[in-house]
Amino acid sequence: MQKSIRLVSGLYLKLALLTVAVGFALRIVLLFNAQTTSLSFSFGEWCEIFLLGAVNDFCAATVGFVFLWLFMLSVSRTKYTKPWGWIILGLLTAAFCYVAFFNTIFDEYGSVAPRIAMYVLGYWAGSFALRLFLPEGFRNHWTTVWFALFVVLYVGAIVFNGISEFFFWNEFGVRYNFIAVDYLVYTNEVVGNIMESYPVVPMTLGIIVVTLLITWYLFRHDLVRTEELKGWQWKAVVGPGYIVALLAAVGLLNFNTRFQDSGNVYVNELQANGLYKFYDAFVKNSLDYEQFYITRPDADAEAFVHEVYGSTGDNLRTVQSGEGAEIRRNIVLVTIESMSASYMERFGNTESITPVLDSLYRLGMAFDRVYATGNRTVRGLEAVTLSLPPCPGQSIIKRPNNAGMHSTGALLREKGYNVTYFYGGNSYFDNMETFFSGNGYDIVDQKSYSPEEITFANIWGVCDEDAYRKVIRTLNEQSGEGKPFFAHVMTVSNHRPFTYPAGKIRIPNDSKTRAGGVLYTDYALGQFLAEASKQPWFDNTIFLITADHCASSAGRTEIPLHKYHIPALIFAPGFVAPHEVGGIVSQIDLMPTLLSLLNMDYDSHFYGRSIFDPGYINRAFIATYQDLGYLEGDTFTILSPVRRYEQYRVVPTEANPHHLEPAEETDTTLVDRAVYYYQTSCKWNKR
């Protein structure tokens with residue numbers, strides 16, 4: 001029994017210490033990553049990063065040990081004796097048949113989840129049958145091989161996770177968060193993106209070699225001791241002992257999250273364990289505003305909103321845009337993937353990668369201070385489609401029961417417009433197909449393309465040129481129906497792996513750089529407008545061109561303003577005179593502003609308003625998955641879970657006109673406004 005206990009405890013300690021060692025090395029690497037823009041930590045913060053970080057990693061390793069623990073407890077001769085062997089085989093066979101031939105919980109997740117479950121259960125049932133019917137010597141070899149494989153998989157997972165966290169930080173500047181959770185649902189796109197973006201084969205070979213070397217060095221004497229795992233005496237000690245350790249580790253991981261709420265995001269993220277952050281994001285996929293955030297009496301909040309908008313009920317009112325008849329122009333809304341304002345020469349960039357956008361800014365109604373509502377495509381689509389502040393947790397687009405909402409598409413369809421959502425990829429991604437089809441839009445996505453319409457594609461969809469050509473062909477058909485059209489176009493090319501057709505721009509198509517993606521996206525937009533200008537419907541069309549979000553949202557503060565600053569312009573030669581809009585504007589205000597230019601009257605639940613509205617206040621709603629920001633004037637208020645808030649002042653510097661500094665005094669009026677807006681919007685639009 002003592003040998004068995006020493007074997008199990010030795011494995012546990014080695015794997016835990018390996019996890020701590022990899023975590024320590026990872027923190028060192030992340031400290032010097034380009035995304036980590038500040039290392040001005042106090043002594044206490046350095047201790048949190050490395051000491052609390054090591055504790056968090058040790059606890060995470062304890063939790064992760066559960067699968068190897070279960071395997072070792074399952075090593076037994078008894079389960080192959082009658083009648084237990086036949087009962088277990090029958091249960092496994094029934095489980096396999098159920099998953100293979102019936103609708104199960106795995107089908108709710110779609111993608112490859114049902115197949116994975118079927119393969120795992122099929123293998124499990126088949127391998128158990130072999131062990132049941134073949135001699136005991138075969139079972140012993142089988143146990144040894146699987147024991148070794150488990151250890152190799154654990155070591156490989158520790159190494160692989162360290163490398164994965166590095167690349168995730170390199171892209172987003174944080175540990176795993178809801179983006180990592182969300183992407184697991186879309187395995188095809190994510191795996192394809194990884195395959196096209198990184199040298200997967202050399203990295204995989206490197207991980208395999210490192211894993212085998214570590215396993216051989218640390219565990220070579222343990223892997224041949226599987227005979228010590230048989231018997232029940234040691235299990236009676238180790239079984240309950242590990243459960244106590246597991247509960248303590250979970251409790252400590254949860255307790256230590258209170259040290260990850262400081263004002264320095266890098267300290268919070270570096271001390272955290274990435275896998276626990278992943279779990280935390282998974283369980284908090286939906287956040288109830290009233291449960292987690294500061295609230296005010298509902299009557300006060302609703303009275304404020306009704307006074308601001310002149311509305312009743314759930315912010316219902318009639319918007320009257322002005323004098324004169326309604327102008328029935330075609331509308332084309334282009335939301336560009338990951339187009340930060342900082343890429344434009346107008347906002348200080350010197351790489352000349354947005355010549356088209358920069359020229360359009362001189363030809364149209366140019367917004368200088370528009371802020372995206374979030375850091376994901378679905379947030380940008382939500383903003384321009386529903387004109388609502390972002391709710392905590394998932395975007396409304398990703399939530400169930402989101403059909404029949406008051407969308408811009410539904411509004412324009414009621415006015416006799418053909419309404420179409422164009423997407424170069426597969427619109428099942430991010431639940432776009434369900435949302436847009438349920439809210440008044442026809443959908444044209446990659447499934448609608450014939451083979452000859454695709455000249456180039458990557459894992460995210462067809463290149464922007466192909467997408468724009470499809471848009472023009474479709475709009476030409478619709479314009480012959482005698483009805484105006486509203487086309488919402490979502491681009492895909494400015495997304496890792498940043499691949500595009502060869503010979504189009506000065507940056508080689510195999511460079512796989514962000515600059516190449518931006519320049520090609522800008523080039524394709526220019527080609528689209530040039531071709532559109534040749535169509536008979538062009539002179540009667542108004543274009544709104546903006547971004548869904550910025551390329552990155554990481555920074556020292558929870559919501560760095562400069563990483564939510566996006567371009568936006570309204571372009572309609574001969575109809576909208578070129579001029580600049582200098583005040584703060586929210587992404588949710590863009591479509592209401594365009595509708596007011598067309599003198600449209602409509603019933604509205606929008607929180608977005610036209611900038612020409614006499615009561616318009618220059619403010620913006622900016623949020624992450626959990627933090628809800630409200631910018632008005634030079635004051636930026638952030639509402640966070642656990643019912644706390646922070647305020648910052650915008651103090652422009654030469655390097656960053658959006659630079660934030662902690663406010664010396666709290667403006668309680670602006671805290672209340674932030675609460676009123678978010679509390680009512682989350683209540684009235686709960687899905």
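The values are calculated or read from the model by the stated rules, or taken from the named source; none is laboratory data. Computed from a prediction, not measured in an experiment: that's the story for all the values here. Virtual Cβ from ideal backbone geometry, glycine too; neighbours counted across all protein chains shown.
Summary table below
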{"quantity": "Options Asp368, Asp358; residue that is in a helix (DSSP H, G or I) and of a type outside the set (A, V, I, L, M, F, W, C)", "calculated": "Asp358"}
{"quantity": "Number of positions in segment 529-544 that are of a type in the set (A, V, I, L, M, F, W, C), within 26 Å of Val370 (Cβ to Cβ) and in contact (Cβ under 8 Å) with a residue 60 or more places away in the chain", "calculated": "5"}
{"quantity": "Total residues in segment 289-311, condition in a loop (DSSP other than H, G, I, E, B) and either more than 32 Å from the chain's Cα centre (by Cα) or free of Cβ contacts under 8 Å to residues at least 12 places away in the same chain (or both)", "calculated": "3"}
{"quantity": "Test result for Tyr602, touching an Asp or Glu at 6+ places or on another chain (Cβ under 9 Å), surrounded by fewer than 23 Cβ atoms within 10 Å (Cβ to Cβ) and within 15 Å of Ile559 (Cα to Cα)", "calculated": "no"}
{"quantity": "Elements of type helices (runs of 4 or more DSSP H) contained in segment 2-64, each with 3 or more residues being under 25 Å from the mean Cα position of the chain (by Cα)", "calculated": "2-31, 53-64"}
{"quantity": "Hits in segment 416-465 - residues which are part of a strand (DSSP E or B), at pLDDT 95 or above and among the polar types (S, T, N, Q)", "calculated": "Asn418, Thr420"}
{"quantity": "From the options Tyr520, Tyr468, residue that is assigned to a helix (DSSP H, G or I), in contact with a Lys or Arg (Cβ under 7 Å, 6 or more places away or on another chain) and either assigned by TED's automatic domain parsing to the domain that holds Glu171 or within 29 Å of Met195 (Cα to Cα) (or both)", "calculated": "Tyr520"}
{"quantity": "Lone unmet requirement of (1) modelled with pLDDT under 95; (2) out of contact with any helix residue (DSSP H, G or I) (no Cβ under 8 Å at 6 or more places or on another chain) for Tyr625", "calculated": "(2)"}
{"quantity": "Scope segment 213-223; condition within 17 Å of Leu17 (Cα to Cα) and not β-branched (Val, Ile, Thr); matching residues", "calculated": "Leu213, Trp216, Tyr217, Leu218, Phe219, Arg220, Asp222"}
{"quantity": "Test: residue in segment 325-332 that is at pLDDT 95 or above and within 31 Å of the chain's Cα centre (by Cα)", "calculated": "yes"}
{"quantity": "Selection within segment 397-411 - at pLDDT below 95 and part of a helix (DSSP H, G or I)", "calculated": "Ile397, Lys398"}
{"quantity": "Of all residues in segment 470-495 being out of contact with any strand residue (DSSP E or B) (no Cβ under 7 Å at 6 or more places or on another chain) and buried (at least 20 other Cβ atoms within 10 Å of the Cβ), the one that is modelled with the lowest pLDDT", "calculated": "His495"}
{"quantity": "Residue within segment 45-59 that is touching a residue at least 24 places away in the same chain (Cβ under 8 Å), out of contact with any Lys or Arg (no Cβ under 7 Å at 6 or more places or on another chain) and of a type in the set (Gly, Ala, Ser) present", "calculated": "yes"}
{"quantity": "Subset of segment 549-573 (residues that are farther than 24 Å from Glu337 by Cβ and either modelled with pLDDT of 95 or more or in a strand (DSSP E or B) (or both))", "calculated": "Pro573"}
{"quantity": "Answer from Leu639, Leu631, Leu595 - the residue that is farther than 26 Å from Gly393 by Cα, in contact (Cβ under 8 Å) with a residue 60 or more places away in the chain and either crowded, with 21+ Cβ neighbours inside 10 Å or hydrophobic (A, V, I, L, M, F, W, C) (or both)", "calculated": "Leu595"}
{"quantity": "Flag for Ser111 being under 30 Å from Lys14 (Cβ atoms), modelled with pLDDT under 75 and not in a helix (DSSP H, G or I)", "calculated": "no"}
{"quantity": "Matching residues in segment 286-319 - criterion: being surrounded by 15 or more Cβ atoms within 10 Å (Cβ to Cβ) and of a type in the set (Ser, Thr, Tyr)", "calculated": "Tyr289, Tyr293, Thr295, Tyr309, Ser311"}
{"quantity": "Residues of segment 454-499 classified as touching a Pro at 6+ places or on another chain (Cβ under 7 Å) and free of Cβ contacts under 8 Å to residues at least 60 places away in the same chain, total", "calculated": "2"}
{"quantity": "Filter result for Ser407 (farther than 28 Å from Asp627 by Cβ and crowded, with 23+ Cβ neighbours inside 10 Å)", "calculated": "no"}
{"quantity": "Every residue from segment 371-396 that is more than 20 Å from Tyr677 (Cβ to Cβ) and in a loop (DSSP other than H, G, I, E, B)", "calculated": "Arg376"}
{"quantity": "Which listed residue, of Leu223, Leu246, is in a loop (DSSP other than H, G, I, E, B), touching a Ser or Thr at 6+ places or on another chain (Cβ under 8 Å) and touching a residue at least 40 places away in the same chain (Cβ under 8 Å)", "calculated": "Leu223"}
{"quantity": "Odd one out for Lys512, checked against (1) touching a residue at least 60 places away in the same chain (Cβ under 8 Å); (2) under 23 Å from Asn375 (Cα atoms); (3) buried (at least 20 other Cβ atoms within 10 Å of the Cβ)", "calculated": "(3)"}
{"quantity": "Condition broken by Asn509, with the remaining ones in (1) farther than 19 Å from Arg376 by Cβ; (2) touching a Pro at 6+ places or on another chain (Cβ under 9 Å); (3) modelled with pLDDT of 95 or more satisfied", "calculated": "(3)"}
{"quantity": "Unmet criterion (only one of (1) surrounded by fewer than 20 Cβ atoms within 10 Å (Cβ to Cβ); (2) more than 26 Å from the chain's Cα centre (by Cα); (3) closer than 28 Å to Asn509 by Cα) for Phe456", "calculated": "(2)"}
{"quantity": "Evaluation of Val283 against (1) out of contact with any helix residue (DSSP H, G or I) (no Cβ under 8 Å at 6 or more places or on another chain); (2) β-branched (Val, Ile, Thr); (3) modelled with pLDDT of 90 or more (one fails), failing number", "calculated": "(3)"}
